[in-house]
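Reading through the structure tokens given below for one structure.
Bear in mind these aren't lab numbers, they're just calculated from the coordinates by the rules spelled out. Since we're looking at a predicted model, the values are computed, not measured. Reconstructed Cβ throughout: ideal geometry from the backbone, glycine too, with neighbour counts over all protein chains shown.
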Amino acid sequence: MEDEGQLTFNVTLTILHRVLATVFIDGKETWRKLFTVGSVGELINSAKTELSQQVSIDRILRFDADFQEFIDIDVNSELKELDKFQIFYTASNVTTQDPLDGRVESLLFHSTDVSRIVTTTGLLTLLEEKAPTILREHEDTKTLSISSRKLLVKVAVSDLVEKHGFYPSGTEKMALAKEIVSLFPSLRINVPFGENEGHEHFFDGPSHSGFIEMRLRNLRRKLQQSQRSYNLKRRLSTDQPSLPIVDEAVPTEWLTLIKRIRPSPENSSSIKTAIDQTFSYRRRWITEKSPTVGQIFKEYPRFLDMPALLDIEFSKMTDGKEDMFIKKWEGTIIPKLKEIASFEKKTDIRHLLEKADNQQDDELCHTMLRILIHLLPPTASGRSVAGSKCCVNSALSYLLEVVPAGTIVTSLLREGMNGSLKSTQPQLVSIGSPGHEAQYVIVAKNDSFAFPLDVENLTCAVDKLFKFYWLCNLQYPCQLSSVFSFFEYVYDLPLSQSTCKRSKVMELIAKLQSRA
């Protein structure tokens, strides 16, 4: 028989810890205090009760001993003895509770990622005071011109330096980047790669790159040596680790077939089968041995007389993305680039836009390539052969050189022809002006190699050149590295890490995406 006087208790024990909390209101430190609490949520509530004014929670950070800086945490994070916290609140301008405050705190105590809760009050107030033209432009156009974006970064970083000095922490720079894209959603980049959140072109923590970091570095250059926190050290170059050696039988019979059998309608199927059977061997040979362009096409001559094989190779390398540039460049990318360029104030760009309004086909493509280079100009690392900085107007010649109609293809490889071609990397040569029945040739002058293209227009020629670089595993021309990185986006390829560090490329992608 059950004892009616017996009671059963389920007791949950909460272990209390002493922690140090530093409270900030509107970005300014208010006070520090020791608390004895059992959870992060209890700490936030306890700290808030100590305040005499109405506030809303922005974020909470905890000091990480491994990284030696404060990092964002979740409200459900584990609490440890003598942990250090920074709690950021925003003061409310009204005496009654702001409805948004309740929503933010509700998010805070139910979300697993407090770092995504970003308020824009501080940045908005700063811009209203320092640069109201930015807000008006965004309200009118729903985007920002490059000059306005530069002013935005200049004002925001100046405020960051005023609050945190010339060496703000990664967390503080990340917070500013998130605040910018929250206030200006059109600047957020939604590119499906990695774990990126759309703010990395303003600041990317792992690579320490972006507009914010660039501005800080420019400011630090003006500091006296005694004001610098770090001494510059020369990096030691290291060889890249070689790929593991894998025993793989050389497909001798298929390689012989590729060399010996001549292209014809009857042989087409056999040649394509041979190219397919040698794909993995060919890619490994090109990647590991780095043969010259001439050696590659001597081993696989059918790529020269069966142009479709270049498309097939690229398709296998990119999981079926071979048609993306042809589909998107003229119908989607060019109209959006024209719209983006219309907000630019540079005389050269405006002159090119006026020309583009009366052009079509190859002439329009040629002009838009020039506009694209203005939007993605050569970086400091883009140098000409002589070592001087490559200007925007001459950068196009590293992609496309125009020579007089009637020029013999073999003469393109001779020194002294039109002062010789500039690029040490493969480039397009237009024999005759684009739009006037020009013939397009890929010229790899360093390898004494010329590849006449059987294409209908300049768009197709650019498409073939990009695929040529991938087939031969070649580095993009340094003068046009940003342009070729942008082409990766047009092809819908996973963006490389180097591309993600190119802030101007990411910014242009964001502008394109904002124009649905």
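General observations
- Qualifying GluC sites (Glu not before Pro) in the stretch 258-335, DSSP loop, other Cβ atoms within 10 Å at most 16: Glu266
- Taking amide H atoms as placed 1.01 Å from N in the peptide plane, the amide H of Val75 lies under 5 Å from those of Val114, each 5 or more residues away in sequence or on another chain.
- Amide H contacts under 5 Å for Ser433, placed H, 5+ residues apart: Ala405
- Pairs from the list Lys33/Lys222; Lys130/Lys504; Lys154/Lys321; Lys345/Lys511 with a Cα-Cα gap above 28 Å: Lys33/Lys222; Lys154/Lys321.
- When each of Lys142/Lys355; Lys328/Lys464; Lys346/Lys445; Lys142/Lys346 is checked by Cα-Cα distance, pairs over 23 Å: Lys142/Lys355; Lys346/Lys445
- A Förster distance of 60 Å, applied to the separation of the beta-carbon atoms of Glu81 and Gln295, puts the FRET efficiency at 0.35.
- Take the Cα of Asn473, step 7 Å toward its Cβ, do the same at Ile408, and the gap between the two points is 3.6 nm.
- Coupling constants for the stretch 34-43 follow from the phi torsions by the Karplus curve (6.51 cos²θ - 1.76 cosθ + 1.60, θ = phi - 60°), and in residue order they are 7, 10, 10, 9, x, 7, 5, x, 5, 4 Hz; glycine and proline get x.
- Note on Leu304 and Leu124: their simple-model spin labels are 6.5 nm apart, each label 7 Å out from Cα toward Cβ.
- On the basis of the beta-carbon distance and an R0 of 22 Å, Glu456 and Asp323 show a calculated FRET efficiency of 0.90.
- Extending 7 Å from Cα along the Cβ direction at His208 and again at Lys150 yields two label points whose distance is 2.6 nm.
- Nearby aspartates and glutamates by direct alpha-carbon distance to Lys298 (threshold 19 angstrom, same-chain neighbours under 8 apart not counted): Glu253, Asp276, Glu288, Asp311, Glu313, Asp447
- The three principal axes of the C-alpha atoms in the stretch 251-391 carry coordinate ranges of 60, 38, 24 Å, sorted with the longest axis first.
- All other residues whose Cβ lies under 11 angstrom from that of His17 are scored, Lys and Arg at +1 and Asp and Glu at -1, for a net of -2.
- Relative to the current alpha-carbon distance between His436 and Arg136, full extension at 0.36 nm per residue lengthens the span by 103.5 nm.
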